[in-house]
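Undergrad: Structure in structure tokens, see below.
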Protein chains: 6
Amino acid sequence: MLAQIDGAAGQAVVDALADIAPDFATYLLEFPFGDIYARPGLDVRGREIATIAALAAMGTATPQLKVHIAAGLNVGLSRQEIVEILMQMAVYAGFPAALNGLFAAREVFRQQASA
Amino acid sequence: MLAQIDGAAGQAVVDALADIAPDFATYLLEFPFGDIYARPGLDVRGREIATIAALAAMGTATPQLKVHIAAGLNVGLSRQEIVEILMQMAVYAGFPAALNGLFAAREVFRQQASA
Amino acid sequence: MLAQIDGAAGQAVVDALADIAPDFATYLLEFPFGDIYARPGLDVRGREIATIAALAAMGTATPQLKVHIAAGLNVGLSRQEIVEILMQMAVYAGFPAALNGLFAAREVFRQQASA
Amino acid sequence: MLAQIDGAAGQAVVDALADIAPDFATYLLEFPFGDIYARPGLDVRGREIATIAALAAMGTATPQLKVHIAAGLNVGLSRQEIVEILMQMAVYAGFPAALNGLFAAREVFRQQASA
Amino acid sequence: MLAQIDGAAGQAVVDALADIAPDFATYLLEFPFGDIYARPGLDVRGREIATIAALAAMGTATPQLKVHIAAGLNVGLSRQEIVEILMQMAVYAGFPAALNGLFAAREVFRQQASA
Amino acid sequence: MLAQIDGAAGQAVVDALADIAPDFATYLLEFPFGDIYARPGLDVRGREIATIAALAAMGTATPQLKVHIAAGLNVGLSRQEIVEILMQMAVYAGFPAALNGLFAAREVFRQQASA
């Protein structure tokens, strides 16, 4: 589930935790990915819309927002849909939250274009 | 667009603004509803998933979260889908954000059941 | 300084702290009011604009926002100026923050009208 | 673990979730209480200091803050220690966060005194 | 209005949006600048005080805070007034929010001194 | 008190304020360190647990979080205790807050190992 959604970025997080909090990598695999994302009742496309919106609105988790913008593309969201989610955050969390989310998306889209 | 999504709750907000900031009601109709929700590129179901997630994650806008939980039902989200969005917020914004969102949903579901 | 800005509301906070954290009332009188508000370099009108904006944008301090909306009136801000500050927060913190700020202002304005 | 820390309040939350999101009660028992609080490496007293501080600083989770102020007393924190944690939040999250935390504590202390 | 307030920084944001969300640049020109800043009822000096305070208190929008510190200077706020606004945020949003705001201001002031 | 807790980092902050807001350095020495940390009623170990938890949960003050992770080590918290505090924040503020806190800790631990 982690690999399908997050691709290499998920593994990078697990690796980075190895020397400081390896148990936390286990929790990350078990609770968000084992428990939550695997649940029926909301498809993974809907789950990524929710996560991208939440992280952009919070504005405190840019690295994780980038991971989930890439994950959104992995599970079938179009670039345009991701841009629409981020633009909509101007209404609920203000223009700076939307702008910073759009600039994060631009960076992810560019990295993928050059990969 | 406001009526379709927010139903009576949207009109109530516009009315409440009448004696203090009537121009703000105009902006509310124009920018979020006229400009953003009317855009192609993301269907209204996806837009409500994003809004419910963002408001639950922020945790500072309970009245607006309730309006959008009702709006989510209006545009075709099931109760189970809304519950899944809110549970998922535990991962990104913590268990209290998810719990407070679930309690808001319980209140909206009950009001609709007794209507 | 506290009396001039906050009126009775400031004294009510000091009283409420008496049985749980009396020293905190002292800090409240010393640091925000003794140190910060008494400084030259920004007039008290500008200080209240800043505080109303910050508390409305944060969205986590409704009681204090109401105290400072009343304080803003005490130091010479007009109702219209306060409404403009709150509406502007839609741009920076989202429409729900602005709406909840406007509803707090409506409550303060009404209490003063009936006093 | 839940019973030891949260007492009746923990069970009340589990009950409230029963008709809307019973699985979430399971996650709540498993991840925070089964996984995190049960870990060695930080005693439960230190864990409650951390939780009270975090919830007061965030300012978006008053019901959960009250539960953890009571839980702090259950695991051996004194009222004075809890008041000190909350006062200290003025430094890191502002005076309103500290004030609102102190008022939540006053309510919990009073309920326990009258129980 | 954008040019008067934000100078070159506003145009840079519009340009950066061109290849990812050009419509968002239009919204940015229309709603914050066309609708809000152009309103009578609060002068532009008061509006910049409000915005600098809000962005510093939120702590999630450093690039936008820097743009508005420069905009504040453009509309006639003195450096000392801006420093006072930011110091005051220690009271409402904590010392870290004030410190990070002051360090953002120091950067803007230095860039202008060397321009 | 500042020197004992923050070591060189505290002096660096005071120095950085010298040319923009020297009075703010005075407030920083007086209120957090002179008034709050010096109070009896909670030991400095408990105070650092509270501060690390709050700053990690807020997610808006990475430089200050790093200073207090180092301060926690200075007053006797073990690396493992700090890691446990940060992991626990996943419950209250979400996994991204915990992850970003853990990565801040990893950086502080490495700097100290190479010092």
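Undergrad: Counting only protein heavy atoms and using a 1.4 Å probe, what share of the accessible area of segment F:12-115 belongs to carbon plus sulfur, as a whole percent?
TA: So the carbon and sulfur contribution to the accessible surface is 54 percent.
Undergrad: Rounded if a/c is under 1.5, else prolate if a/b beats b/c, else oblate: with a ≥ b ≥ c from the C-alpha gyration tensor eigenvalues square-rooted, which is the protein assembly as shown?
TA: rounded
Undergrad: Given the options D:LEU55, D:LEU73, D:LEU42, which has the most mean-square fluctuation in a GNM of chain D, springs set between C-alpha atoms less than 10 angstrom apart?
TA: D:LEU42
Undergrad: Give me the angle, in degrees from 0 to 90, between the Cα long axis of helix C:44-58 and the longest principal axis of the Cα atoms of chain C, rounded to the nearest 10.
TA: 70 degrees
Undergrad: May I pose another question? Sort shortest first the distances from C:SER114 to its counterpart in every other copy, using label points 7 Å along the Cα-to-beta-carbon line, and give them in nm.
TA: Computed spacing set for this position: 2.5, 2.5, 5.9, 6.2, 6.5 nm.
Undergrad: Roughly how far apart, in whole Å, are the Cα centres of segment B:1-41 and segment D:24-70?
TA: 39 Å
Undergrad: Right, something else. Considering protein heavy atoms only and a 1.4 Å probe radius, which residues within segment D:88-115 exhibit an accessible-area decrease of no less than 40 Å² in the full assembly relative to the chain by itself?
TA: Buried by the other chains: D:GLN88, D:VAL91, D:TYR92, D:PHE95, D:PRO96, D:LEU99, D:ASN100, D:LEU102, D:PHE103, D:ARG106.
Undergrad: What ³J(HN,Hα) values, in whole Hz, does the Karplus curve 6.51 cos²θ - 1.76 cosθ + 1.60 give for segment D:69-77 when θ = phi - 60°, with x put for Gly and Pro?
TA: Calculated HN-Hα couplings, in order: 5, 5, 5, x, 4, 4, 9, x, 5 Hz.
Undergrad: While we're looking at this one, here's another question. Give me the accessible area per residue for the protein assembly as shown, probe 1.4 Å, as a whole number in Å².
TA: Per residue, the protein assembly as shown has 33 Å² of solvent-accessible surface.
Undergrad: At 7 Å along the Cα-to-beta-carbon direction for both F:MET1 and A:ALA18, put a label point, then send me their distance in nm to one decimal.
TA: Here the answer is 4.4 nm between the modelled labels.
Undergrad: Further, regarding this structure: Can you list, shortest first in nanometers, how far D:ALA16 lies from the same residue in the other copies, with each label 7 Å from Cα toward Cβ?
TA: 2.1, 2.1, 3.5, 4.0, 4.1
Undergrad: At a 1.4 Å probe, which residues in segment E:45-72 are at least 50 Å² less accessible with all protein chains present than in their chain isolated?
TA: Going by heavy-atom accessible area, the residues of segment E:45-72 that drop by at least 50 Å² are E:ILE49, E:ALA50, E:MET58, E:THR60, E:GLN64.
Undergrad: If you don't mind, there's one more thing I want to ask. For chain D, find the longest principal axis of its Cα atoms and tell me its angle to the long axis of helix D:8-17, 0 to 90°, nearest 10.
TA: So the inclination is approximately 60 degrees.
Undergrad: Since chains C and F are linked by a rotation, which residue in C has the beta carbon closest to its axis, and how far is it in Å?
TA: Checking which Cβ lies nearest the axis yields C:PHE31, 3.
Undergrad: A further question follows. Order D:ARG39, D:ARG110 by their accessible area, 1.4 angstrom probe, all chains in place, largest first.
TA: Correct descending sequence by accessible area is D:ARG110, D:ARG39.
Undergrad: Given label points at 7 Å from Cα along Cα→Cβ, what nm distances, shortest first, separate C:PRO63 from the same residue in every other copy?
TA: Result, one decimal in nm: 1.9, 1.9, 3.3, 3.8, 3.9.
Undergrad: Based on DSSP H runs of at least 4 residues, each adding -39500 (n - 2.57), what is the mean residue ellipticity at 222 nm of chain F after dividing by all its residues, to the nearest 500 deg cm²/dmol?
TA: Taking each H run of at least 4 residues, the total per residue is -22500 deg cm²/dmol.
Undergrad: Rounded to the nearest 100 Å², what is the sum over both chains of accessible area buried where B meets D, with a probe of 1.4 Å?
TA: Counting both chains, the buried surface is close to 1400 Å².
Undergrad: Express the relative contact order of chain A as a whole percentage, based on alpha carbon pairs under 8 Å and six or more residues apart in sequence.
TA: Answer for chain A is 25 percent.
Undergrad: On C-alpha positions alone, give me the angle between the axis of helix A:79-93 and the longest principal axis of chain A, in degrees, nearest 10.
TA: So the inclination is approximately 80 degrees.
Undergrad: Kindly identify chain F as rounded, prolate or oblate by the Cα gyration tensor criterion: order the square roots of the eigenvalues as a ≥ b ≥ c, call it rounded if a/c is under 1.5, otherwise compare a/b with b/c, prolate if a/b is larger, else oblate.
TA: Taking the square roots of the gyration eigenvalues as a ≥ b ≥ c, chain F is prolate.
The values are calculated or read from the model by the stated rules, or taken from the named source; none is laboratory data. Being a predicted model, the structure only gives us computed values, none of them experimental. Every residue, glycine as well, gets a Cβ built from its backbone with ideal geometry; the counts of neighbours run over all protein chains shown. The protein model used for the area step is the full one, side chains on, heavy atoms only, and it has no ligands, DNA or RNA in it. Shrake-Rupley method; radii C 1.70, N 1.55, O 1.52, S 1.80 Å.
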